[in-house]
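Data first, discussion second: the structure below is written as structure tokens.
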Amino acid sequence: MTRNQEERIGVYVCHCGTNIAGVVDVAQVAEWAAAKLQHRGVVIAREYKFMCSSLGQELIEKDIKELDLNRVVVAACSPHLHEKTFRTACANAGLNPFMCEMVSIREQVSWVHTDKSAATSKAMAMVSGGVERVRHHVPLEPLTVPIHPATLVVGGGIAGIQSALEIADAGHQVYVVEREPSIGGHMAQFDKTFPTLDCSACILTPKMVSVGTHPNVKLLTWSQVEKVEGYVGNFSVTIRKKARKIKEDLCTGCGICQEKCPKKVIDDVYEAGLGYRKAVYTPFPQAVPKFPVMDVANCTYYEKGTCKACEKFCPTDAIDFDQQDEILNVQVGNIILATGYDLFDARRISNYGYGRLPNVFSSLEFERLSNAAGPTNGQVVLRDGKTIPKSVGIVHCVGSRDRNYNNYCSVICCMQSIKFAHLVHERTGATVYNFYIDIRAAFKDYDEFYQRILEEGTQFIRGKVAEISDVPRVASEEGKLIIQVEDTLAGKQRRIPVDMVILSSGLQPRADSKATAKVFGISCSANGWYIEKHPKLDPVATMTEGIFIAGCAQGPKDIPASVAQGAAAAARVLGKIEQKEVALEPVRASVIEDQCSGCRICNGLCPFNAISFLEDRMVTEINPALCQGCGTCVAACPAGAIVGTGFSNEQVMAQIEGLMLMNIEPAEVIA
Amino acid sequence: MTDAFEPTIIGFTCNWCSYRAADLAGTARIKYPANVRLVRLMCSGRLDPTFVFKALASGADGVMITGCHPGECHYLEQNYKALRRFQLMQRTLKGLGLESGRIKLLWASAAEGARFASEVAAFVEEIRALGPLHWGRADASEAVGAEVAEGPRLQEVSA
Amino acid sequence: MKDYLLYPGCSMEYSARAYALSLDAISGPLGLRLKELDDWNCCGATEYLGISRTPAYALIARNLAIAGQASNGTNDLVAPCSACYLNLAKADHYMQEQPQLGAKVNEALAVGELTYRPGSLNIRHLLDVIVNDVGLEEVEKHVVQPLSGLRLAPYLGCMVPRPDYGHRWSDHEFPTELDSLLKALGADVVDYPLKTECCGGHMPQIGPEMGFEMIRRLIASADRLETDAMVTMCPMCQLNLDAYQGETNQFFKTHFHMPILFFTQLMGLAFGIEPKELGFGLELVSARNVLDALGVKAPPETPPAPPKRARRPEGLPMPGPLPKGNPSEQKIREVV
Amino acid sequence: MADVELMTSPPIAASTKDEDLGLLKEVAARTAGISRLEMCIQCGTCGGSCPSAAAMDLTPRAVFALLRAGMREEALKSNTFWVCVSCYHCVVRCPQSVHIADVMYALKSMAIEANLYQDSTAPDFSHTFIGMVEDYGRSFEMGLAGIHYIKHFALRLPGMVPMATGMLTRGRMSLTPKRIKNMRQLRAILNRAKELEAEE
């Protein structure tokens, strides 16, 4: 690769306020670079308070024009933050943006080191590495690719629904993939929502219907994404549409099959294990779509070979016992992941007795219990199905804020528990005790709601519940569940006998969230929440261009926040679609044909099938549209015939020499 | 003399996981020793073994190779190739009569800033214990360093 | 069969002689080879740790050091006493977690020409060895006199399932290992809700009212479940519940008669070993009823049905058991 | 005017001799292992779990709050740690993984040093117990029980006769202590350990 005849390099060292300057002697770094790297082409070295500010950028632009710079090194924050900024500044001054190199002396130096002189020396070495590297930069042109206007939304809960509707309303095609038989997510299971206490179904179902009937939405329920290929703008997605065993074009959703099905099964998903459904079922009456699914594992016909009651009674012959899974392939430009959360399994806290003591309920169980459409028609009763409790304990922070389980706050449990207190009070008149560590009632109208529940006479006891037992110590405890807790405000251990306990279980990532992250090529925290690109400034994007996240998949949050994220992700996608094309980093590999010996070592290394072998010419070729720029083939080529732009051998080798300050030694070291 | 020995370590990071782990260590202000200087690559699969020998020949006392966890590679599986090359490089180092502990392989996800920092700190101590390498410096055999750095490229064992 | 080093602990020589006798009697049939440590000393129970730290850990570590020397071919050190087990495991654990403590303890041991490398021994409780190394299948093979009809309450006490340095137990509050063992002997195992509650420890000696109350809770709960005997694996639990049962009855004006036996005694009975060899008769609350129940040739027609926890069809279904394995892997164990 | 004057005199006598978290850190330093005491969030899991909490004047949580406040005397004269039975329920349930039981041991030794315990029954029992261990290398229940009960529970003795005779006749208690062979070695180790502990 040919280099410009003479390198004229500008070095810019940022103070970042005191973020860098507080540890690194930035003036010294700049002076050193100007003096010691002059023979390597450094024409000017400056330091400035905030290089990323418009004044800082103008400084660089001015130098490029006036000093005829052809290369720029900016020593500041991580390139993941401001590389774009400085490349744009270069471009504004007429320099190819790829002639800029960033050196991270904040994340890699000032923020992680305390010894000022060691930090300053390291910053110098890193600037030196950047200068050596930039000498080998060549002007590049970004690859632009068109953006496919369709979008995939994974997960049909409230966040996914919101995203899908925003994009569809803007006139673009959306595919919504949901693995359950109906969209609606957890919100469809609730009776009331805090703090307004409006009916969950009343506000959710109209949105579900909109998704189901929207001309721009293709709804794929009982389906899962199996494979994602491609990159931003051009994803190719493989979806498995599981066999419903129902012909959707014939089914009218009349429900006769469910009525006639003789097999009753405990519904672990929608009814949270508290109610029953049939082997052919729609999870709830307002399900979207209206088509039922057959639960093959529990269907009598698949078990014993006879029954087919549903088929006999179906008025439109829509039952199809031989239906097979379908594999669909869709092309989309962007993807929104709104895969939601799982409820913490309270059986793991054996001292809380869930699963052992019948009248200990999980929060989702209680949601179903209090739901007018639930197994008890909204009657709050004990596990016997009839007794109305006279006293109820509600336990906050179950499995949350606890190093033995999940060490984070699940955000929604305080408000949810306060809502439960209200519902219990309203439905049963029982005495209600809420056990909390801290009441977290942030956000609009939440604390007001807490005040209202206090007014209703709920007893708030500050203390993390230690155990729930059915072993009485005194007569008044006979036949009760005893909640043992330290009332930390009274400073005494208390044993409070109640009829019913509700555990406000926390939220946790989907059990398969890590596997899903792998399918989509995004990152997860150690817990399994999806990681956003920036925790404050880019909360719905991911490190992977074209893939966005919304709702609880990113971390615990309530309905308003999920909806806001769903809409935000949609806005980001619409922005991309409007751009019509996207510029890709021109980091690509290419083969220098006359150096290629045709050994084919690289041929098997590319997972994107970008490398092919031209039998006629006995050389290897790389398709730049398929190449993702990882550079594995570049590293493998024994003849050095593959060039990786942006990360060439010359660039990396020079950077190493620079980092080791071999350029400072007498000139003979680097000829 | 080894009392005050401050090793110099070159670290190679991939753009997607380990570089971001280093970023996260910074954002979270987790301290680690200043002995390591990082080179960003797009993928640990880009790591040409000559880079490692070049670093050692240029005066580095140790080299740290980092990438995404197995199965989490942004480029699907290229970090497995890095693993293969790492084993090859360890053998080569032994063959040259050097401690294979001079090079270290670390998988770090973008969420593992704290782990990245503690592993760097641990490696600095390991290299400190091994002492200076003196390879490619005036007092050592310059020929060896030069030969390795410029010499025939290491071949991929198998695709 | 593996070899094990045995740290018997002071109680085994006197107050828990029945434990020692019965352990001796069942080791043969099970092929357990237990080699007693030479010249071991008291672990300090729960008392020394509250006086001074380094001496307390040095006292424990002398035994670890002796075990380390003796360990030809095995590094499993078995303690039948819960308090001893915990102290040995704790010293091993903290000497690692806090290297300064480890160094001091070794400095003290050095004057006795001893040293111990923390982590080099695997400290086990006897029940763990029998359930996990010997295995319930092997135990079942030796059962000639199934304990059918005997209602037994498994009572583990606190110091073995908690704090569980080796993470060996299925649960810190409701472990099922002792239940499974007693079931393998053919007994009717009571779902005893207080199986890991405290027996009172040293409370009978320092605050008798509290101590008697703690004993009462345990015995009353077992009595309510129509238990024939409580089965323990800890000399301190046995002593408190057995020897102070009379005083507890006096204090609360109750009339409990609850024999407290070691699990090894019941294993011996099921193996057909003579009660005398198993230390029966050494208990203060007589276990005659247990022997009588077994002496009856024909088992009772139908044993009293335990309260069923099955799903009531007319009520609401209960959540099933926690699936094994997966979620607890997410537990955060490391100390930052 | 009078109101203003009143308000200038502090309503509560400050007893913060230990600055910042000095006392908390001191306790942490005396605890075996890494105590994590500074991580306490005052949730009360410990006080709620404790089987002997009814006999405590302060719950463990309240003691930790006093330690954080630097109130040495108030913390050390509580009976909390003497009543602790080392059942480890609080330890495994603590959401912050504080080594509560081991902190209790550290507080016992500090209370003895500061001579701040209210009731000598528990400290005496510990001292008598370890006295036997230091003399014989083994515990000696008969000796321990004799000394301890006569001193602290003389009134209980008549009620205990059946138990004591039962234990003796069954050979579950011995009238004479057992002694380990290498008592000299054990004593040397313990003496050195005591010196090392005192060096801190």
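The values are calculated or read from the model by the stated rules, or taken from the named source; none is laboratory data. Being a predicted model, the structure only gives us computed values, none of them experimental. Because the Cβ atoms are built from the backbone with ideal geometry, glycine has one as well, and the counts that use them run over all protein chains shown. These accessible areas exclude ligands, DNA and RNA; they are computed on the full protein's heavy atoms, side chains included. Shrake-Rupley method; radii C 1.70, N 1.55, O 1.52, S 1.80 Å.
Side notes on the structure shown:
- Counting only residues that are within 15 Å of B:Thr13 (Cβ to Cβ), polar (S, T, N, Q), more than 8 Å from chain A (Cβ to nearest Cβ) and part of a helix (DSSP H, G or I), segment B:34-93 holds 2 of them.
- Evaluation of A:Val519 against (1) within 27 Å of A:Thr193 (Cβ to Cβ); (2) more than 9 Å from every other protein chain (Cβ to nearest Cβ) (one fails), failing number: (1)
- Matching residues in segment C:237-247 - criterion: being surrounded by fewer than 24 Cβ atoms within 10 Å (Cβ to Cβ) and within 14 Å of the chain's Cα centre (by Cα): C:Leu239
- Among the residues of segment D:110-124, just one is crowded, with 21+ Cβ neighbours inside 10 Å and either among the hydroxyl-bearing types (Ser, Thr, Tyr) or at the interface with chain C (Cβ under 8 Å from one of its Cβ atoms) (or both), namely D:Ala122.
For (1) closer than 22 Å to A:Ala442 by Cα; (2) open to solvent by 10 Å² or more (accessible area, probe 1.4 Å); (3) away from chain D (no Cβ under 14 Å); (4) over 23 Å from the mean Cα position of the chain (by Cα), each residue gets a yes or a no:
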{"residue": "A:Ser525", "(1), (2), (3), (4)": "no, yes, yes, no"}
{"residue": "A:Ile547", "(1), (2), (3), (4)": "no, no, yes, no"}
{"residue": "A:Ala550", "(1), (2), (3), (4)": "yes, no, yes, no"}
{"residue": "A:Ala583", "(1), (2), (3), (4)": "no, yes, yes, yes"}
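- Going through (1) open to solvent by less than 10 Å² (accessible area, probe 1.4 Å); (2) under 21 Å from D:Met39 (Cα atoms) one by one, D:Gln96 falls short only on (1).
- Members of segment C:43-96 that are in contact with a Leu (Cβ under 8 Å, 6 or more places away or on another chain), small (Gly, Ala, Ser) and within 19 Å of D:Gly33 (Cβ to Cβ): C:Gly44, C:Ala56, C:Ala58, C:Ala61, C:Ala91
- Filter pass, A:Phe647 being surrounded by fewer than 19 Cβ atoms within 10 Å (Cβ to Cβ) and at the interface with chain B (Cβ under 8 Å from one of its Cβ atoms): no
- Counted residues, segment D:63-91 - those being open to solvent by less than 20 Å² (accessible area, probe 1.4 Å) and assigned to a helix (DSSP H, G or I): 10
- Residue match in segment C:197-206 (condition: within 14 Å of chain D (Cβ to nearest Cβ), open to solvent by 10 Å² or more (accessible area, probe 1.4 Å) and assigned to a helix (DSSP H, G or I)): yes
- A single member of D:Ser139, D:Ser174 is of a type in the set (S, T, N, Q), within 26 Å of C:Glu247 (Cα to Cα), in contact (Cβ under 8 Å) with a residue 12 or more places away in the chain and out of contact with any His (no Cβ under 7 Å at 6 or more places or on another chain), and it is D:Ser174.
- Residue check, A:Val381 among the hydrophobic types (A, V, I, L, M, F, W, C) and either open to solvent by 20 Å² or more (accessible area, probe 1.4 Å) or in a loop (DSSP other than H, G, I, E, B) (or both): yes
Yes/no matrix, rows are residues, columns are (1) more than 14 Å from chain D (Cβ to nearest Cβ); (2) farther than 28 Å from D:Val92 by Cα; (3) without any contact (Cβ under 8 Å) to a residue 60 or more places away in the chain; (4) open to solvent by 10 Å² or more (accessible area, probe 1.4 Å):
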{"residue": "A:Tyr405", "(1), (2), (3), (4)": "no, no, no, yes"}
{"residue": "A:Ile412", "(1), (2), (3), (4)": "yes, no, no, yes"}
{"residue": "A:Glu426", "(1), (2), (3), (4)": "yes, yes, yes, yes"}
{"residue": "A:Tyr433", "(1), (2), (3), (4)": "no, no, no, yes"}
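- Scanning segment B:8-27 for residues that are among the aliphatic types (A, V, I, L, M) and either outside any helix (DSSP H, G or I) or facing another protein chain (nearest Cβ under 7 Å) (or both) yields B:Ile9, B:Ile10, B:Ala22, B:Ala25.
- Taking (1) more than 30 Å from D:Ala54 (Cα to Cα); (2) in a loop (DSSP other than H, G, I, E, B); (3) under 16 Å from the mean Cα position of the chain (by Cα); (4) at pLDDT 95 or above in turn, C:Val129 satisfies each apart from (2).
- Members of segment C:226-243 that are of a type in the set (Ser, Thr, Tyr) and either assigned to a strand (DSSP E or B) or within 16 Å of C:Leu282 (Cβ to Cβ) (or both): C:Thr232
- Any hit, segment C:107-117, residues being farther than 26 Å from C:Met258 by Cβ, in contact with a helix residue (DSSP H, G or I) (Cβ under 9 Å, 6 or more places away or on another chain) and either more than 14 Å from chain D (Cβ to nearest Cβ) or part of a strand (DSSP E or B) (or both): yes
- For segment C:33-77, the candidate set comprises residues that are open to solvent by less than 10 Å² (accessible area, probe 1.4 Å) and more than 14 Å from every other protein chain (Cβ to nearest Cβ); within that set, the residue that is farthest from the chain's Cα centre (by Cα) is C:Ala67.
- The set of residues in segment A:385-403 that are among the small types (Gly, Ala, Ser), more than 14 Å from chain D (Cβ to nearest Cβ) and in contact with a helix residue (DSSP H, G or I) (Cβ under 7 Å, 6 or more places away or on another chain) is empty.
- Within segment C:14-31, being of a type in the set (S, T, N, Q) and open to solvent by less than 10 Å² (accessible area, probe 1.4 Å) holds for C:Ser15, C:Ser22.
- Within segment A:18-73, the set of residues being open to solvent by less than 60 Å² (accessible area, probe 1.4 Å) and of a type in the set (Gly, Ala, Ser) comprises A:Ala21, A:Gly22, A:Ala27, A:Ala30, A:Ala33, A:Ala34, A:Gly41, A:Ala45, A:Ser53, A:Gly56.
- Hey, A:Lys84 part of a helix (DSSP H, G or I), within 29 Å of A:Glu532 (Cβ to Cβ), more than 10 Å from chain B (Cβ to nearest Cβ) and out of contact with any Ser or Thr (no Cβ under 7 Å at 6 or more places or on another chain) or not: yes
- One residue stands out in segment D:133-148 among those that are more than 8 Å from chain C (Cβ to nearest Cβ) and either touching a helix residue (DSSP H, G or I) at 6+ places or on another chain (Cβ under 7 Å) or in a loop (DSSP other than H, G, I, E, B) (or both): the one that is most open to solvent (accessible area, probe 1.4 Å), namely D:Ile147.
- Residues of segment A:400-440 satisfying the condition of being of a type in the set (A, V, I, L, M) and closer than 18 Å to A:Pro556 by Cβ: A:Val411, A:Ile412, A:Met415, A:Ile418, A:Ile437, A:Ile439
- The set of residues from segment C:96-106 being more than 9 Å from chain D (Cβ to nearest Cβ) and either touching a helix residue (DSSP H, G or I) at 6+ places or on another chain (Cβ under 6 Å) or among the hydrophobic types (A, V, I, L, M, F, W, C) (or both) comprises C:Gly102, C:Ala103.
- When residues of segment D:154-200 are limited to those that are in a loop (DSSP other than H, G, I, E, B) and more than 7 Å from every other protein chain (Cβ to nearest Cβ), the one farthest from C:Tyr14 (Cα to Cα): D:Glu200
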